[in-house]
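Here, each number is a calculation from the coordinates, and none is a lab measurement. Since this is a predicted model, take the numbers as computed values, not measurements. Virtual Cβ from ideal backbone geometry, glycine too; neighbours counted across all protein chains shown.
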Amino acid sequence: MWANSLIVAVLGTLLLATGPTGDGLHRAPPQAGERCHTDGLSLSEGQGDAGVGHEGAMFRFTNNLDAPCTFYGYVGAQLLDADGNALPTDVIRGEGYLFRDPGPTLVAVPPHGSATFGMEWIHIPVGAETTCPTASNLEVTPPDEYTFLTIPATIMACGGGRLHVTAVQPAT
């Protein structure tokens, strides 16, 4: 009898360890009104802007699920070099020079809909900097999540990798 229980336990563990989320857990799609989870999202870089030593872009999360979900707050970010190594990164919440920050608000995203956030950086050396590292990739962690999405992005962020991000907002 205990042998059958052991087999069931081992099979259950194997099924969990091979779950689609990469962390070993099977997650049900969010119920209407629940927050958007990284597993159900994709990320793309949109329209860019530049001025007075600042560069930036709007980024778009797309809800790939057949259920609505919500965002509230700010993203996390990490700049990466071409080999995937972390570069100095300092994420500042709130508006910068290019993008107005509406502040956090509950953003409802319909199935296959999207939401956006702005990110900007200074591309001129600051203080004692003579050069600034250039990122080839960007990791973005959605609000209230622990896992990230990675996209190619060429970002030369000076000032120790300072990135100003706006709160996630409804797509326009």
Quick check on my filter: what residues within the stretch 153-172 are farther than 17 Å from ARG93 by Cβ and out of contact with any Leu (no Cβ under 8 Å at 6 or more places or on another chain)?
THR154, MET156, CYS158, PRO170, ALA171, THR172
When both residues are 6+ apart or on different chains and their Cβ atoms are under 7 Å apart, which pairs have a first residue that lies in the stretch 91-109 and is without any contact (Cβ under 8 Å) to a residue 40 or more places away in the chain, and a second that is not in a loop (DSSP other than H, G, I, E, B)?
LEU106/THR70
In the stretch 96-108, the residues that are farther than 14 Å from VAL75 by Cβ and touching a Pro at 6+ places or on another chain (Cβ under 8 Å):
ALA108
Please state which one of THR141, THR147 is crowded, with 16+ Cβ neighbours inside 10 Å, under 14 Å from the mean Cα position of the chain (by Cα) and hydroxyl-bearing (Ser, Thr, Tyr).
THR141
